[in-house]
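Colleague: Submitted below is the structure of interest, expressed as structure tokens.
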Amino acid sequence: MTMKNIIVANWKTAYNLNQIKEISSLSEFKHISLTIIPPFPFIKEARSTLPKHIAVGAQDVSAFSHGLYTGEVTAHLLASCECDTVIIGHSERRVNFNETKIEIKKKIANCVDAKLNVIFCVGEKLDEILERYDIIQKQMEDLDEFPIDRSIIIAYEPVWAIGANRMPDMESVKEMVCFIKTKALQMELNCKVLYGGSVSSDNINSLLSINGLDGYLIGNASIQKDLFAIIRKFEETVPTTEK
Ligand code: PGA
């Protein structure tokens, strides 16, 4: 089957309408599927400006499904803005907002209920490198109730590589992708695996050699012109891969 490379642009607290307009003017992609993830207040504007072949996502979702929770953004509210996808368990939320396993599981369940796609982030901290397989396995246990008839994206993002301009060596990314896919198979999860953490147009070539990797979750580089360089790299130089 012909598969497209998944590119997810996590814009964190940045938003650039001009960039949205420029992306809109690109012709339909042959080799990639692109999701733009702006901050909450700009989801609707991004959705109405971008063509339908570009998906729009959210960076987080409430652990509550509905009710009197001032300031919360529920999965159903996101679905009503034609948001396609939600990032859950990003390390910036796990670390800075003390996100717990219980909250993460509720967020996943709420997205499943609202028929939103989930990008579930896993990754070890610097001092956990030696136990990284145990860490990732424990994080993946949060998906034990994920419905087998739905597909999920798991993003492997070593915490120490995010926004840090450094990446693990390609052999360890390859081994981790293989580990995640094997575990997912045992859990009967229908999953694709992304790599995230300091991906840029300068280093994406090295990641292209990793068999089984389905795409990239890109932060800093996707906010700038680098996103266009990455899109160009796939559209002009990468042949459609049979995976
Ligand atoms: P980065 O961020 O590409 O800036 O390292 C990735 C992410 O936060 O998902």
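Colleague: Would you point out which residue out of 117, 110, 98 is under 27 Å from residue 55 (Cα atoms) and more than 17 Å from the chain's Cα centre (by Cα)?
Modeller: Exactly one residue qualifies, and that residue is 110.
Colleague: Ok, one more. May I ask you to list the residues in region 39-62 that are among the β-branched types (Val, Ile, Thr) and surrounded by fewer than 20 Cβ atoms within 10 Å (Cβ to Cβ)?
Modeller: 49
Colleague: Which residues, taken from region 201-219, are modelled with pLDDT of 95 or more and either open to solvent by 40 Å² or more (accessible area, probe 1.4 Å) or closer than 20 Å to residue 37 by Cα (or both)?
Modeller: 214, 215, 216, 217, 218, 219 - these are the residues of region 201-219 that are modelled with pLDDT of 95 or more and either open to solvent by 40 Å² or more (accessible area, probe 1.4 Å) or closer than 20 Å to residue 37 by Cα (or both).
Colleague: Being of a type outside the set (S, T, N, Q), within 16 Å of the ligand (Cβ to nearest atom) and open to solvent by 20 Å² or more (accessible area, probe 1.4 Å) is the filter here, so list the residues in region 66-109 that pass it.
Modeller: 92, 93, 94, 95, 97, 99
Colleague: In region 35-52, what residues are within 16 Å of the ligand (Cβ to nearest atom) and touching a helix residue (DSSP H, G or I) at 6+ places or on another chain (Cβ under 7 Å)?
Modeller: 36, 38
Colleague: Now a separate question. Would you point out the residue of region 150-197, among those that are on the phi > 0 side of the Ramachandran plot and within 12 Å of the ligand (Cβ to nearest atom), that is least open to solvent (accessible area, probe 1.4 Å)?
Modeller: 197
Colleague: Please specify each residue of region 170-229 satisfying the condition of being basic (Lys, Arg) and either in contact with a Phe, Trp or Tyr (Cβ under 8 Å, 6 or more places away or on another chain) or free of Cβ contacts under 8 Å to residues at least 12 places away in the same chain (or both).
Modeller: Within region 170-229, 225 is the sole residue that qualifies.
Colleague: Filter the strands (runs of 3 or more DSSP E) completely within region 1-69 down to those with at least 3 residues that are within 18 Å of residue 221 (Cβ to Cβ).
Modeller: 5-10, 32-37
Colleague: If residue 87 satisfies every condition in (1) part of a strand (DSSP E or B); (2) of a type in the set (Val, Ile, Thr); (3) modelled with pLDDT under 95 but one, which is the exception?
Modeller: Every listed condition holds for residue 87 apart from (3).
The values are calculated or read from the model by the stated rules, or taken from the named source; none is laboratory data. Just so it is clear, the structure is predicted and the values come from calculations on it, not from any experiment. All Cβ positions, even for glycine, are placed from backbone atoms using ideal geometry, and neighbour counts span all protein chains on display. We work out accessible area using only protein heavy atoms, side chains counted, and drop any ligands, DNA or RNA first. Shrake-Rupley method; radii C 1.70, N 1.55, O 1.52, S 1.80 Å.
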